[in-house]
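The values are calculated or read from the model by the stated rules, or taken from the named source; none is laboratory data. None of the values given here were measured: they were computed from a predicted structure. Positions of Cβ are backbone-derived with ideal geometry, glycine not excepted, and every protein chain shown enters the neighbour counts. For accessibility, only protein heavy atoms count, side chains too; no ligands or nucleic acids. Shrake-Rupley method; radii C 1.70, N 1.55, O 1.52, S 1.80 Å.
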Amino acid sequence: MKNEDKMIDALLQEHARKGDKDDAEFITSLEERLDEEEGVVNLASTKRRSSSKAGIGLGIAAALTVAAVGYYGWNEKRETDLAVNDSYEAEAQKASISHLEMQGRNETRLAKTALKSESKLSHSGEKMKMAVSEPVMDESVASDLAPSPLALPAVPKPRVSQKNVTKREMTRSYERKPSAPSSGMAKEIAAKTKSSFDVPSGRKDGLDFGNGWGSEDEDEDGDGGGGGFGRLSKKSKENEARSRYSALTDNTFKSPWSDPLSTFSVDVDTASYTNVRRMIQSGQAVPKDSVRIEEMINYFNYSYPQPAGEHPFSVNVETASCPWNAEHRLVKIGLKGKDIIREQRPAANLVFLLDVSGSMNSQDKLPLLVDSMKILLKELNADDSVSIVVYAGAQGLALPPTYVDENGRKVILNKLNNFRSGGSTNGGAGINLAYKMAKKHFVKGGVNRVILGTDGDFNVGVTGTDSLVNMVEREAKSGVFMSVLGFGQGNLNDNMLEKITNKGNGNYFYIDNLREGRKVFLDDMMGTMVTIAKDVKIQIEFNPTKVKSYRLIGYANRMLKAEDFKNKLIDAGEIGSGHTVTAFYEVVPGNANQTPAVDDLEYQKKRVVPKPVNREAVDSPNMLTVKLAYKQPEATKETESTYFRTRVVANEKTWQDASADFKFAASVSLFGMLQRQSEHAGQGTYQLVRKLAEAGRGDDPKGLRTEFSDLVRKVK
Amino acid sequence: MQAVEKILNMKNQTDHGMDRKSFSILVKEHHRGLLAYARALTKEDHTSRDIVQDAFVVAWRNLETFDITRDFGSWMRGIVRNKWRESLRKNARETALDDETLEYLEADAKQWDGLRDQGGVFTRLELCLKKLPENLADAVKAFYYDGYNGAEAATVLNVQSATLRKRLERARGGLRDCLAANS
């Protein structure tokens, strides 16, 4: 394309997107950010007022030095953002004049705030609601990892320039520094353990290099092994090849005679969709095994009714023809967790376990995590407490449990504004410390949760993934749940992160931008934090006279054995307040063949052909029965689950007549199947995906469904 | 100049409490144009929205440094450009545009800012699209609006790929002239 055409080209593309209308979604999300800005600014100005009272006589010279250095860094950064340095901007000079005017004002402000920080440090100890005595929580370790502002004068003060410089930009100034040297020992261990897992970065040939962390858990992940991965990495970029996904084997069609029951654990994770979206948007190939269809479906919210009865969630079943195979029926099973109004939310005891290793040192990782945490912070109040444990070369307590009252909020914000990354990862020790904090500060009947933020370059040392997973599972039994937030690309150990939350009650999100951070922290996490039911299992029994065969779409690594349903000791997923969980069965209607084509057995008696128990039940119009098992969130391992069931009658509805939610969720399912190159996609095409998505868009208040349509366009 | 008056209004606000309302009007007025501009830079839908958002946030924080003798649109495009450069540094695999291209982009964008009194560049574009000869309009429709890629669009229209390219080029030229004639 000719250079002079590039702008009109972009204009046409932009016009194709929204016509001559406003981009409402863009504006809403920007307004939210601006609201947030105002919040931060207000906080900063309150601080400024109090500072002038507090620290008037304190080391003015020192403060000025800090301020000057700080200003230098700040101003340099500000220049790159604001100064318009293109040759054709003739008026740039004028702008720099106004910079000068600013300078005087800012220097005073800087000096004041520097003083404030100093006095604040001295009494931040009082703010700790809990004395911390373990040797492992050595404050000096903690401050090494998250240096206080005065310890590192080259770092401009976020507090000071909050109004002028973004939080992210603050952190950026760390980026050019080499990562901080970690203790020799930790490094050595790291080097040893890492080498067996990491793919050498120069390797592009995509040969079989095993299955990442997954080898011990092959049984869960099917028999795909490393083969699929090797094949994929050939076409994916090197970057993506370093992210690890475990092989998934899709469920196939089964006959209700041989397999009358289909049992699986609910899953409210959404990470797969965000991750796939990121890859498509940046034009990368999507590795097949990164696509977990249930996580894609469950990324979106569906409007199921609130539960009315005794159970904490409602069950909603909708059946219609299958859009990608006219002969088949599609059964949508949707659960909706009871909404708990924010104000009635029980007190939260949150322990953030943050990866501050060198690999987190990029804009889309630690700074994004910190920004997202600030959003959450606004939602918390004086009943809630927040603590922060960091891990890298060594682990340490960066912030002891602190109540989110007025002072606590400032302490936490200050901490967040001063994070930086460096060193190698040793997550194992950090996770111990995090759980210790959570238990020490345990809120009975409240939300007790460890929130792990990492890019998954998680060096668990000699203990291995399995014992880590076991630990998370064990702690969940004692009432401390875990959420995992995945960040960044390239290093993302998707497989292990998902596994941690699969086993332990918890959930896994992937955050790639601030908007996603807001969604996860406010919509998903605030819901997830209030767990309303745990060990939620779904079991479907099919009526063999109505169903020839069936197939569960997605949930490939969430399948349970039929007997697990009744086994109270077997773990399953949790549902949070307001969450929806959706699953699809693709059903071939008709009479199931009673004699499966198997050769006669030589060494045992021919299996007795199963017979219907009750003619009446079989002859009923019921197509299937949905059975649910769950426990109350505070239940122990020994508590018996609660069971209930819903029967579903066959109908003749076509998908065109189905609800918008049905169409949209079917669209996402088909999209996932196509991305996974599923043999079951039938007549499904990306055109059909788009058609379904358009038909199922509904109100789409957050624009997520529209975004999905855009994404599909991109793939096609 | 409208923008200047609005900024002046903001200056009258007390302390840091600059008028959000006025700023929101500016956002409303400029966001689509800036999104198109960012798209020309990034060639990517999602990134361009992120960049423009970030740019507005930076602008809001630094509103006091905005030189009122200058045009809000070019000020914003300067910030967008810097945000874009930043994103280039992050993803080392993308390549920057040369200065000449940037000048073309700025020239067009600046000119189109002038269409604000006539309902904005997007509304004008719709009128201009209607004036295109049929074969060019079809090419534009298939390629830009129906979401076909080059090869698909050529198949749909039953022409050679080269023919399609030529038609698109002529259509873009025509649209540019049409927009220029109005501003």
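What to note about this one:
- Selection within region A:665-680: residues that are open to solvent by 10 Å² or more (accessible area, probe 1.4 Å) and touching a residue at least 12 places away in the same chain (Cβ under 8 Å). The member of this set that is nearest to the chain's Cα centre (by Cα) is A:Gln675.
- Scope region A:698-712; condition modelled with pLDDT of 90 or more and either touching a Phe, Trp or Tyr at 6+ places or on another chain (Cβ under 9 Å) or β-branched (Val, Ile, Thr) (or both); matching residues: A:Arg705, A:Thr706, A:Phe708, A:Leu711, A:Val712
- Matching option when the condition is in a helix (DSSP H, G or I), free of Cβ contacts under 8 Å to residues at least 40 places away in the same chain and open to solvent by 20 Å² or more (accessible area, probe 1.4 Å), among B:Ala55, B:Ala107: B:Ala107
- Looking across B:Val140, B:Val121, one residue alone is buried (at least 17 other Cβ atoms within 10 Å of the Cβ), facing chain A (nearest Cβ under 9 Å), in contact (Cβ under 8 Å) with a residue 40 or more places away in the chain and hydrophobic (A, V, I, L, M, F, W, C). It is B:Val121.
- Take the conditions (1) surrounded by fewer than 23 Cβ atoms within 10 Å (Cβ to Cβ); (2) at pLDDT 85 or above; (3) not in a helix (DSSP H, G or I); A:Pro346 misses just one of them, which is (2).
- Counted residues, region B:16-38 - those being basic (Lys, Arg) and modelled with pLDDT under 85: 2
- The one condition in (1) within 7 Å of chain B (Cβ to nearest Cβ); (2) out of contact with any Phe, Trp or Tyr (no Cβ under 6 Å at 6 or more places or on another chain); (3) open to solvent by less than 30 Å² (accessible area, probe 1.4 Å); (4) at pLDDT below 85 that A:Ile8 fails to fulfil: (4)
- Any chance B:Glu126 is within 18 Å of A:Asn3 (Cα to Cα), at the interface with chain A (Cβ under 10 Å from one of its Cβ atoms) and either hydrophobic (A, V, I, L, M, F, W, C) or out of contact with any Cys (no Cβ under 9 Å at 6 or more places or on another chain) (or both): no
- Per the conditions (1) modelled with pLDDT under 80; (2) among the hydroxyl-bearing types (Ser, Thr, Tyr); (3) open to solvent by 10 Å² or more (accessible area, probe 1.4 Å), the sole criterion not satisfied by A:Tyr403 is (1).
- Residue in region A:378-387 that is touching a Lys or Arg at 6+ places or on another chain (Cβ under 8 Å), open to solvent by less than 10 Å² (accessible area, probe 1.4 Å) and modelled with pLDDT of 85 or more present: yes
- Filtering region A:277-330 to residues that are away from chain B (no Cβ under 14 Å), open to solvent by 30 Å² or more (accessible area, probe 1.4 Å) and under 24 Å from the mean Cα position of the chain (by Cα) leaves A:Ala285, A:Lys288, A:Asn301, A:Ser303.
- Condition met for A:Ala693 (part of a helix (DSSP H, G or I), closer than 18 Å to A:Arg17 by Cα and aliphatic (A, V, I, L, M)): yes
- Any hit, region B:161-180, residues being facing another protein chain (nearest Cβ under 8 Å), touching a residue at least 40 places away in the same chain (Cβ under 8 Å), open to solvent by less than 20 Å² (accessible area, probe 1.4 Å) and assigned to a helix (DSSP H, G or I): yes
- Selected residue (only one of A:Glu602, A:Glu616 is assigned to a loop (DSSP other than H, G, I, E, B) and farther than 26 Å from A:Tyr555 by Cβ): A:Glu602
- Of the strands (runs of 3 or more DSSP E) contained entirely in region A:523-592, those carrying at least 1 residues that are more than 20 Å from the chain's Cα centre (by Cα) fall at A:531-542, A:547-553, A:580-589.
- Verdict on A:Ser362 being among the small types (Gly, Ala, Ser) and either part of a strand (DSSP E or B) or modelled with pLDDT of 80 or more (or both): no
- Complete set of residues in region A:266-280 that are of a type in the set (S, T, N, Q) and modelled with pLDDT of 85 or more: A:Ser272, A:Thr274, A:Asn275
- Cβ-Cβ contacts under 6 Å between residues 6 or more apart (or on different chains), taken from a first residue in region A:366-383 that is assigned by TED's automatic domain parsing to the domain that holds A:Lys410 to a second residue that is polar (S, T, N, Q) and in a helix (DSSP H, G or I), are listed as A:Pro367/A:Thr171.
Let's see how each residue does on (1) at pLDDT below 90; (2) in the same structural domain as B:Arg39 (by TED's automatic domain parsing):
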residue	(1), (2)
B:Trp84	yes, yes
B:Leu88	yes, yes
B:Tyr104	yes, yes
B:Pro133	no, no
B:Gly150	yes, no
B:Val156	yes, no
B:Ser161	yes, no
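- Filter pass, B:Glu126 being open to solvent by 20 Å² or more (accessible area, probe 1.4 Å) and either in contact (Cβ under 8 Å) with a residue 12 or more places away in the chain or more than 27 Å from A:Leu34 (Cβ to Cβ) (or both): yes
- Test result for A:Lys702, closer than 23 Å to B:Glu44 by Cα and not in a helix (DSSP H, G or I): yes
- Test: residue in region B:78-89 that is surrounded by fewer than 20 Cβ atoms within 10 Å (Cβ to Cβ) and within 7 Å of another protein chain (Cβ to nearest Cβ): no
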